[in-house]
Structures are given as C-alpha cells and as structure tokens.
Ligand code: GCU
C-alpha cells in the first residue's frame, strides 16, 4: 500500500502507535523514529511552554536543538525540523513561527454511504454503507500528514448533509468521539456539517431561527455534543444554497440564521462556519440582468457587523465556483467587521479530476496578492482525499494538500516554487535535473490546463454536472447563471459599470484594474468584458487567434509532459498512476482543443492564421 511511502514523510516508515495521546508524545515518537536516519548525532530537546499555543521556536546550540512551544507548537516544530533535515535545508540558529490563521481547515465532502461529492481518490476514509467504517491506522496517518503541515481542523462530512449524516451529532456521537480521539494527538479537531432543518426531524415544527423552540433544540443538542466531544471545532453550514434549507424560508436574513446556531455553540467554545455560496440556481438564461458572481456580496455585505464573534463566514476564493481562473471574491474585501474564512477547493472538480496535473500554488498566490488588508482569519479547503492506495488519487495532487497547509500557516512564506521544490525533495529525493523537471511541470501545469480549456476567464464550457471534458454550450441554456453568450461576432459579459456592474463591488484599485481593458490581465479579459473576435490583444494577436493558439499550446504541453514524465525515476506504484493519468490527460486536452477550436471556428468563420487543422 502506498501509505508506507507516506507522501512527503517517507522517512517515517512506521505508524504512530495508538497509545500516544498528546502532541508532545507524538513529537517525541516522530523524532526518535526519524533522527537515527536523518541526523544520528543530533540531540533534540522539547521544552513545553504552558503559555504558548501553536507557535514554536527552534534553537540550535552546541549541545543540539531545543524545540519550545505549546503542545501543538512542539509537534509542528518537530515536523518542521524533520522535514528541513530530510530536504537538506539548513535551519538558522534561531527560528520562530506563528500561524497566521487560527483555523486551518480541511472540508471533506464525504457522504455516509461512502461516496464523496466531487471525490476523485476513491471512497470515503470515514464512512461506508450509511455508517462509520474506517481504518484507524490510515486515520492516524492522515492526522500525521495534516499536523506535518500545520492543518488543525477536519470537517468530516459533506456540506450537503444527506440522510443519514445528520445523525453524526445525534445517535452517532460515540463513534464520532472515537474518531475525534484518533485525531486529537495530532492537534486536529473535528468539525461536522449540520443540516439547518435538523430540529424538524425531532418534533419541532419549524427551523425558523427566531423561534425559541429552535434555539432551545440547538442549545440542548450542543450540550449533548460537547459532552461527548469537548473540543469539537464547531459546525459548518451550507444554508439557502443549491436547494439546502435555510433561514430564507422564514423571511430571516443570514445573520439571524447564523447567530442562532452560534449562540448554541458559544458556551462550549465552538465556532460556526457559515458558507456564503448563495446565489439563484434557478435563473432563466434569457435574464441578462442577474449576474451570478454578484450574489454573495449582495446577500452578505449589508450584514457586516451583525454576526456574533464566533461566526466565521466562509467565502469561496472566487465569486463563481472554483473555476480555473477567477478574480478574488469581492465579498472577502468588503466586510471589515466580520470574521471571514477563504475557501479553496483541493478536489479538482473543474480542474481535471486528479487525472490532469494541476498544481494550485499559482492561483493561491494571485488571490492572496489581491486580498490586501481584510478580515480573513481562517482558511478552508475542500479535501482531495479518498481511500485509494494513493490518497490524493494522482500522486502529484499531494502537492496541493502539502502546499495548502503551508499557505494556511503563513501565505507570506508559501511561494509556488518553494512549495513545489520542498514537496518534490521530500517525496521523491530525485537528482537535481529530475527534480527541476518535476518542479517545472508542476509550476506550469495550471497555465497549461487553462490554455486548453475555456478561454481567458470564460469558465464553464465543461460537461454539465460531471465537470470533466469540453461542452461549450453545456451550461449556456441552463439555470445555473453560467453564461458566455457567444455569437458569431463576440463572446463574454460586460461586468463593468456599463454592463452588469459586478466590477463596482471591488475597492477602487481592483475595480479600475479590471474595468479598464488595457490593465485587465489577459486571462481575465473575458471575465470582465464582452469582446469581438477581431479585438486586438496587447501582444498584437486577435482574440480568436489567441484562443486558437492557446488550445494548440495547451495540448502540446501535455504531449511534452508525457515525454518528460516517462523518463522520471518515479517509484513503480507512482509511475503507473502517473503514466496512466497523463495518457488520459492527453485525450482530454485533445478533446478540449478540437471541440473548442471547432466551436469558435464554426461560430466566427475565421481561419487559423497558422493554417493548423480545425475541424469544420
Ligand atoms: C459546486 C459543486 C457542488 C457543491 C457546491 C458547494 O456547485 O458542484 O457539488 O455542493 O459547489 O460548494 O456547495
């Protein structure tokens, strides 16, 4: 089983014993396990500091190394030291770290039947056939992986809480408590997604947040829950979103809806994570006024300052839905009196299903650069994990989990190149040339995927529901608010002040950058503007030529990547997975190239200036 390889921790060949119950014990165990092979002479001392929490410092002197911090800090420091030794990095004599974000969460979209919504790595690690079913050894390995990159919260079930997953906080509490105990020594707290209408399964006739019976039900339920799991991180809620129940049914706004739950959690120290993925998913495609990306801002920004202090609004990184390229969500920049979490999606729903190589670091860096000053205090990411032998499906998808941990710990120190390089060093220990090949492939992978799929910020030209492979009009006449409105002359939606006005939701600098065609980045030009195919791009090519070129270049990159990968000395199990996937990626990229180019050629009648084959 690939777990013996333990991803970026291959120097930890043995499982963490079940008897270890706190992070300091785990830290000592890991050090004793790994130091004999990594640095046999090195003495490492642990100095617990009762006043510290997650931060740590590592001090080197002639006698050895001392790691000090709170229990979790010591564990993080131990992993930091071991990974630095394994990657051949030299640590400074004195080194301290504090996480920038208090909550660094993984959101699993696992259903109780064992299926994972948007899961591309097999079935659930936690559930099967409507009940808990897991391998404690694997869960300890997951806890270890999470702790090694500083992740501290795991939400165990899908935000779409499907029957019977609501029972997690009802009659499945003893089992949930057992799982919480497995993760606890790694400093990882559990969280659960709850169903807003849950009280109605228990004789309460409404889920109206202002009804005292509803508040009383949740208060009582939280007492029961926290008795079983005193350190539960809290609840995650998807309400009034894609047909989920929520406060709108009762004419209440989302501050009223969220605060009711937050008050039930408050006495126990729990947080309420409230997702802002709220939009009209029953739009008429003929309606050109409603503009879906504007929805979250419209639903939430006017409520700034009205949320209780243990509410965190969780906002997707972009205003649509985890597309290949989106501008930062304006909601993240517009709520100075509200706790916010940014939500990423490690699961490659729209980005290649963990078949295509897609390293996300470049996207994180862009979004973080545009965040500026804000009230983001937590990070969440939809999990890319499952129970396949390789728990991220594609072995290279592990770089996204690894990098996300570093990003959530401190985005200022998580640049794409160093994430890719450290991950590659730890995972494969190749020679320099092969390492460079892999690192470059990872760093280029997003740009390549972007080139062969929907052009310049258009998004959504994807097979509906499945979200793998091309379908240029697949979402065009549907109710999801995802339109490109291509005709024979032009494509895109004007989202500036002269169009839907979406760009006006940004602070002035970003609004101006995106509204002005000359400063709007090429990759977002069709996100913000409607352009004719003969529009001349800054590099002198027409828009249609740029589209054609991108498709050919994107495909060519995959062909070359296949060649390069075939000569990498990957371990056999990984090699098989990687080569199988790159062959599928090549078929996918070819399909995208030819379907999209043909679609635009048939619409526009414009020939490729370089005379390449486009199907008529
Ligand atoms: C997307 C995805 C759904 C998911 C939703 C969400 O729409 O396709 O499967 O439930 O995002 O984030 O809630």
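The values are calculated or read from the model by the stated rules, or taken from the named source; none is laboratory data. The structure presented is a predicted model; accordingly, all values stated were derived computationally and were not measured. In this analysis, Cβ positions are derived from the backbone assuming ideal geometry, glycine residues included, and neighbour counts consider all displayed protein chains.
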Practice task
Output the residue which, of all residues in region 461-475 that are under 20 Å from residue 526 (Cβ atoms) and buried (at least 16 other Cβ atoms within 10 Å of the Cβ), is nearest to the ligand (Cβ to nearest atom).
Solution key: 467
Completion exercise
Within region 196-228, restricting to residues that are surrounded by fewer than 22 Cβ atoms within 10 Å (Cβ to Cβ) and outside any helix (DSSP H, G or I), the one that is nearest to the ligand (Cβ to nearest atom) is 197
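If the requirement is being over 18 Å from residue 345 (Cα atoms), within 16 Å of the ligand (Cβ to nearest atom) and in contact with a helix residue (DSSP H, G or I) (Cβ under 9 Å, 6 or more places away or on another chain), which of these qualifies: 257, 246, 318, 269? Even if it seems obvious, please write down each step before you answer.
Values: 257 fails: within 16 Å of the ligand (Cβ to nearest atom); 318 fails: over 18 Å from residue 345 (Cα atoms); 269 fails: within 16 Å of the ligand (Cβ to nearest atom).
Answer to the check: 246.
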Practice task
Kindly list the number of the only condition in (1) part of a loop (DSSP other than H, G, I, E, B); (2) in contact with a strand residue (DSSP E or B) (Cβ under 7 Å, 6 or more places away or on another chain); (3) surrounded by 23 or more Cβ atoms within 10 Å (Cβ to Cβ) that fails for residue 353.
Solution key: (2)
Practice task
Keeping to region 287-337, report how many residues are under 21 Å from the mean Cα position of the chain (by Cα), more than 21 Å from residue 482 (Cα to Cα) and not in a helix (DSSP H, G or I).
Solution key: 4
Completion exercise
Filtering region 13-41 down to residues that are over 31 Å from the mean Cα position of the chain (by Cα), closer than 16 Å to residue 141 by Cα and in a loop (DSSP other than H, G, I, E, B) yields 19
Practice task
Restricting attention to region 383-431, report how many residues are in contact with a helix residue (DSSP H, G or I) (Cβ under 6 Å, 6 or more places away or on another chain) and over 23 Å from residue 103 (Cα atoms).
Solution key: 10
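For region 262-286, what are the residues that are more than 23 Å from residue 316 (Cα to Cα) and in a loop (DSSP other than H, G, I, E, B)?
Start the filter on region 262-286 by keeping residues that are more than 23 Å from residue 316 (Cα to Cα), which leaves 263-269, 284-286.
Result: 269, 284, 285, 286.
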Exercise for the section: May I ask you to say which residue of 402, 396 is over 22 Å from residue 553 (Cβ atoms), in the same structural domain as residue 354 (by TED's automatic domain parsing), away from the ligand (no atom under 16 Å from the Cβ) and in a helix (DSSP H, G or I)? Expected result: 402
Practice task
Tell me which residues, restricted to region 516-530, are in contact with a helix residue (DSSP H, G or I) (Cβ under 9 Å, 6 or more places away or on another chain) and surrounded by fewer than 21 Cβ atoms within 10 Å (Cβ to Cβ).
Solution key: 517, 519, 521, 522, 523, 524
Exercise for the section: Have a look at 264, 239 and point out the one that is touching a residue at least 12 places away in the same chain (Cβ under 8 Å), within 16 Å of the ligand (Cβ to nearest atom) and in the same structural domain as residue 191 (by TED's automatic domain parsing). Expected result: 239
Fill in the blank from the handout: Quick count over region 465-516, residues being on the phi > 0 side of the Ramachandran plot and within 25 Å of the chain's Cα centre (by Cα), is 4
Exercise for the section: Would you please list the contacts, defined by Cβ atoms under 6 Å and residues six or more apart or on different chains, that run from a residue in region 381-398 that is on the phi > 0 side of the Ramachandran plot and in contact (Cβ under 8 Å) with a residue 24 or more places away in the chain to a residue that is part of a loop (DSSP other than H, G, I, E, B) and within 16 Å of the ligand (Cβ to nearest atom)? Expected result: 393/120; 393/121; 393/354
Exercise for the section: Could you please give the count of residues in region 138-165 that are buried (at least 21 other Cβ atoms within 10 Å of the Cβ), away from the ligand (no atom under 16 Å from the Cβ) and assigned to a helix (DSSP H, G or I)? Expected result: 8
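Residues to consider are 501, 540; find the one that is surrounded by fewer than 21 Cβ atoms within 10 Å (Cβ to Cβ), within 21 Å of residue 318 (Cβ to Cβ) and modelled with pLDDT of 95 or more.
Numbers: 540 fails: within 21 Å of residue 318 (Cβ to Cβ).
Checking each option against the conditions leaves just 501.
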Problem - Of residues in region 272-312 being out of contact with any helix residue (DSSP H, G or I) (no Cβ under 7 Å at 6 or more places or on another chain) and under 23 Å from residue 222 (Cβ atoms), the one farthest from the ligand (Cβ to nearest atom) - result: 309
